[in-house]
1. Search the stretch 322-333 for residues that are of a type in the set (S, T, N, Q) and pair each with any residue that is open to solvent by 50 Å² or more (accessible area, probe 1.4 Å) and assigned to a helix (DSSP H, G or I) when their beta-carbon atoms are under 9 Å apart and the residues are at least 6 apart or on different chains.
2. Scan the stretch 109-116 and give yes if some residue there is touching a residue at least 40 places away in the same chain (Cβ under 8 Å), under 20 Å from LEU162 (Cβ atoms), touching a Leu at 6+ places or on another chain (Cβ under 9 Å) and among the small types (Gly, Ala, Ser), otherwise no.
3. Considering only the stretch 255-333, give the strands (runs of 3 or more DSSP E) lying wholly within it that have at least 1 residues that are among the basic types (Lys, Arg).
4. Might you let me know whether the stretch 110-133 holds any residue that is of a type in the set (Asp, Glu), in contact with a Ser or Thr (Cβ under 8 Å, 6 or more places away or on another chain), open to solvent by 10 Å² or more (accessible area, probe 1.4 Å) and assigned to a loop (DSSP other than H, G, I, E, B)?
5. Test of understanding: among THR160, THR195, which residue is outside any helix (DSSP H, G or I) and under 18 Å from TYR295 (Cβ atoms)?
6. Do we have any residue at all in the stretch 47-62 that's more than 19 Å from ASN114 (Cβ to Cβ), free of Cβ contacts under 8 Å to residues at least 60 places away in the same chain, open to solvent by 50 Å² or more (accessible area, probe 1.4 Å) and assigned to a strand (DSSP E or B)?
Amino acid sequence: MPEIRQNIATKEWVIIATERAKRPEDFTAEQRTPTHLRPPHVATCPFCPGNEAMTPPPSLVRIGADGSWQQRIVPNKFGALSPAAPAVRLEEGVARMTGGYGFHDVLIESPLHNTTTALLAPEEVAATLSALRDRARELARDERIAQIIPFKNHGESAGTSLEHPHCQMVSLPIVPSHIRQRLEEAMRYFDEHGTCVFCDMARLESEAAIRVVCEDEHFVAFIPYAAFSPFHTWILPRRHRSLFTQASDEELASLGNILKTTLLKLYRGLGDPHYNYMIRMAPLAYEKVHWSHWYLSIVPKVTRAAGFELGSGMYINTALPEESAAFLRAVTT
Ligand SMILES: [Zn+2]
Ligand SMILES: [Zn+2]
């Protein structure tokens with residue numbers, strides 16, 4: 001029988017359609033060239049070494065032991081926002097707007113074209129995360145920036161046309177209403193229980209262990225009880241902090257390993273599926289709150305949202321979270 005489950009942190013409902021439930025391996029990606037079978041260097045790729053002039057000047061460059069760059073952060077050439085836009089606000093009738101002030105960064109994760117986060121060494125993934133954190137810390141000093149959203153689009157159905165491994169970060173002058181709604185739910189939980197709902201979830205999921213994908217002393221990666229799509233995974237830090245910018249070097253070293261392991265399980269288990277990952281955090285002004293907690297969310301693009309999802313804001317998940325987690329636990333890395 002179908003179940004309608006609710007996520008205790010976001011209060012969002014999902015239909016777990018057990019009648020339509022597919023076996024985990026049914027979500028395996030269609031035949032296409034997996035990342036590791038592509039050429040290591042592409043002459044026309046703007047992110048490959050030798051083509052640095054094809055991107056705007058970098059705001060951060062990490063150099064490796066051999067003297068060449070390992071990670072670069074550059075402004076997105078076709079950025080959604082611009083630091084040149086005025087930070088003004090206008091209101092007239094139904095027209096309410098603010099200037100498109102902000103930053104849209106691209107982080108090139110590796111000099112190699114034919115790799116992806118799942119295939120990088122844990123230290124390389126940790127270096128990507130620390131470059132993102134350091135850039136986010138720099139941007140957080142800009143008082144006009146209210147909210148920072150780091151994310152990765154892997155593959156065309158996840159919204160990217162560039163093969164070269166990269167992630168992005170958008171820094172906004174406003175707080176999106178979706179983020180504000182989730183904040184309000186987390187605050188309400190804190191008012192009722194006196195604890196952070198994400199701290200509670202990390203502990204409860206780790207104890208129950210049935211939805212855990214992998215974990216260590218700093219992070220627990222699990223498929224939430226009310227995951228809204230197949231293999232949707234959360235990686236929660238055990239230490240309470242509301243902002244990703246507050247993550248320590250030790251935590252990011254650990255996250256490099258947990259993120260790589262989770263993505264490699266997806267890569268091997270489902271055949272390099274397209275996915276998005278997002279680092280969710282509170283607005284910058286909420287640095288010290290006890291009720292909001294940063295985390296990383298991975299959404300493999302193995303199904304498509306359609307009319308029901310658009311019409312209701314809720315999802316139908318055709319995979320049982322407990323089965324998906326057991327499937328991923330069994331994939332060797
Ligand atoms: Zn490339
Ligand atoms: Zn917490």
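The values are calculated or read from the model by the stated rules, or taken from the named source; none is laboratory data. All values reported here derive from a predicted model rather than from experimental measurement. We place every Cβ from the backbone using ideal geometry, glycine too, and count neighbours over all the protein chains shown. Ligands, DNA and RNA are stripped out before the accessible areas are found, and what is left, the full protein with its side chains, is counted by its heavy atoms. Shrake-Rupley method; radii C 1.70, N 1.55, O 1.52, S 1.80 Å.
1. Taking only residues 6 or more apart or on different chains, the pairs are THR332/ARG268; THR333/ARG268.
2. yes
3. Details: elements: 275-280, 295-300, 315-317.
Qualifying strands (runs of 3 or more DSSP E): 275-280.
4. Our first condition is that a residue be of a type in the set (Asp, Glu); within the stretch 110-133, this holds for 123-124.
Still in the running and in contact with a Ser or Thr (Cβ under 8 Å, 6 or more places away or on another chain): 124.
Now restrict to residues that are open to solvent by 10 Å² or more (accessible area, probe 1.4 Å): 124.
Applying the additional criterion that residues be assigned to a loop (DSSP other than H, G, I, E, B) yields none.
Within the stretch 110-133 (the criterion being of a type in the set (Asp, Glu), in contact with a Ser or Thr (Cβ under 8 Å, 6 or more places away or on another chain), open to solvent by 10 Å² or more (accessible area, probe 1.4 Å) and assigned to a loop (DSSP other than H, G, I, E, B)), the answer is no, since none of the residues qualifies.
5. THR195
6. yes
Okay, residues lined up against (1) of a type outside the set (Gly, Ala, Ser); (2) within 16 Å of ligand 1 (Cβ to nearest atom):
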position: ILE8; (1), (2): yes, no
position: ASP26; (1), (2): yes, no
position: GLU52; (1), (2): yes, yes
position: SER68; (1), (2): no, yes
position: ALA87; (1), (2): no, no
position: GLY93; (1), (2): no, no
